[in-house]
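Working notes, beginning with the structure itself.
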Amino acid sequence: MTKNIAIIGVLFFVFGFITWVNAILIPYFKIACELNNFQSYLVAFAFYISYLVVSLPAAYLLRKIGFKKGMMLGFWIMALGAFIFVGAAMSRAYAGFLSGLFAIGGGLAILQTAANPYITVLGPRDRAAQRISIMGVCNKAAGILAPLLFAAVILRPTDNVLFKSLPMMGGPERAAALDELIRRVIGPYICVGTVLFGLGWLVRYSPLPEIGTEEAVAGKSNLLQFPHLVLGALAIFLHVGTQVLATDTIIGYAGSMNIPLGEAKVFPSYTLMATIVGYLTGIVCIPRYISQAKAFLICTVLGIGLSLLVVLSRGRIVFGGHTADISIWFLVLLGSANSLIWAGIWPLALDNLGRFTKAGASLLVMGLCGNAILPLVYGWLADRNGLQQAYWLLLPCYCYLFFYASYGHRIRNWVTFN
């Protein structure tokens, strides 16, 4: 079992590296492709809407061709998306980048549909959140590295001067500067595509077994007959949306405080480090000192409190070598609130699904499209009301998560709601 957990841990590291690089892509494309806030968050939309489109077909695919062949195909689809980036960079075609992101997200949807239920059922149910927390450390550690490494490769010390001078350049000169800027992604994504293609071969011949969850469930014939699963999918939708808001918007929010991109690039890593602290707490405390359900509930309450502090706090402080409004540090701390929510939802939502476990997992993975929808809503609100006030969007999300953690996961009947 230890070997299988290690292999899945590597997969979650790859998931994190590919996913959290969006935190730097959003402000980068905003500059290079001359976008407004709403348009720039189409990066997250194109990437995560693929989860809505691909997840249910992914469950069918995994049943037909098996766990390992399906994961190999997922890696190869991701590799294709990375190579699409290369062609898009040659012409600075934003639509091409969005197509590549959709393909990468589609491949990840297949991998997530396979990996999440696997780690959930691999061992005692009351330790599922502990195992998921270990996967979360792998995921978020990659998330810390991804924007920093990507920024180190594509950004240069003189770019702050370039960004300030772009509005004053003539049309041809500006176009040439932007073309040079966007083509810096070609080398990194050729490397990413090659690595992903190779990982597909490796996982195909790995010792991972197929998971067996085919026992029947009395009186159940479809997924909609499991209220705790359906409500859990909505919880996933809102949770991942709040998570991506705390990570992918923070560079732009730092920019509104006159923090240059070269300095702001580290803020997503701060948020993810806060998340890792939460994961490590979960690994130590669950289930010895606290149940996974109670940890989930505490995190939702923390999320509500921090959301209010993000939108209501004011005042510039110097902390960690940065001069910024104090509200950005509450946004960073949302990483800790988010840490054990994902780990709490999965075992509760998949409880007693039997033969519906794989299909149920695909429904939960579909909820990852919240990463696509909520950043767009945030961008729309930010263009109208300002970046800080747009974070009011977080509050109803955490309130629903509190409902699911405290009561919604126990509902087994739509009629009686109990």
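The values are calculated or read from the model by the stated rules, or taken from the named source; none is laboratory data. Small disclaimer: the values here were computed from a predicted structure and weren't measured. Cβ: placed from backbone, ideal geometry, glycine included. Neighbour counts: every protein chain shown. Note: areas computed on protein heavy atoms with side chains; ligands, DNA, RNA excluded. Shrake-Rupley method; radii C 1.70, N 1.55, O 1.52, S 1.80 Å.
The mean sequence separation of alpha-carbon pairs under 8 Å and at least six residues apart, normalised by the residue count of the stretch 8-99, gives a relative contact order of 22 percent. Put simply, when 173-179, 229-235, 329-335 are sorted by average Cβ atoms within 10 angstrom per residue, most first, you get 329-335, 229-235, 173-179. Here r is the Cβ-Cβ distance between R156 and L312 and R0 is 56 Å; the resulting FRET efficiency, rounded to 0.05, is 0.90. Straight-line reach from K68: taking Cα to Cα under 19 Å and skipping same-chain neighbours fewer than 8 places apart, the lysines in range are K3, K358. With respect to the chain, whose longest principal axis is taken over its alpha-carbon atoms, helix 227-248 is tilted by about 20°. Excluding ligands, DNA and RNA, the accessible surface per residue across the chain is 38 Å² with a 1.4 Å probe. Relative to the longest principal axis of the Cα atoms of the chain, the long axis of helix 327-338 lies at roughly 20 degrees. Computed from phi, the 3J(HN,Hα) profile of the stretch 379-392 under the Karplus parametrisation 6.51, -1.76, 1.60 (θ = phi - 60°) reads x, 5, 5, 5, 5, 9, 10, x, 5, 5, 5, 5, 6, 4 Hz, with x in place of Gly and Pro.
Extension gain, K64-Y205: 0.36 nm per intervening residue step, less the Cα-Cα distance, totals 49.0 nm.
Against the criterion of solvent-accessible heavy-atom surface with a 1.4 angstrom probe, W20, W414 sort, most first, into W414, W20. For the residues V153, V318, V310, a GNM of the chain with alpha-carbon springs under 10 Å puts the largest fluctuation on V318. Take the Cβ atoms of N413 and R127, set R0 to 41 Å, and the FRET efficiency comes out at 0.90. A crude spin-label estimate for the pair R355 and V301, with each label 7 Å from Cα along the Cβ direction, gives 4.2 nm. 3J(HN,Hα) along the stretch 84-91, derived from phi through the Karplus expression 6.51 cos²θ - 1.76 cosθ + 1.60 where θ = phi - 60°, amounts to 4, 4, 4, x, 5, 5, 5, 10 Hz, with x in place of Gly and Pro. Our estimate of slack between E263 and S221, defined as 0.36 nm per intervening residue step minus the Cα-Cα distance, is 9.8 nm.
Element breakdown for the chain at a 1.4 angstrom probe: carbon and sulfur atoms account for 69% of the accessible area. Accessible surface for R184 stands near 30 Å², nearest 10, in the context of the full protein assembly shown (1.4 Å probe). Here the stretch 1-99 is treated with +1 on each Lys and Arg Cβ and -1 on each Asp and Glu Cβ, and its dipole about the Cα centre works out to around 420 debye. What is the angle, in °, between the Cα long axis of helix 394-406 and the longest principal axis of the Cα atoms in the chain? Nearest 10 is fine, range 0 to 90. Helix 394-406 sits at roughly 10 degrees to that axis. Comparing L56, L155, L393 in a Gaussian network model of the chain where C-alpha atoms under 10 Å apart are linked, the largest mean-square fluctuation is found at L155. Maximal additional length on extending the N385-E180 stretch stands at 70.4 nm, based on 0.36 nm per residue less the C-alpha distance. Of Q243, Q112, Q39, the residue with the greatest mean-square motion in the GNM of the chain, using alpha carbon springs below 10 Å, is Q39. Per residue of the chain, the DSSP helices (runs of n ≥ 4 H) give a summed -39500 (n - 2.57) that works out to -24500 deg cm²/dmol at 222 nm.
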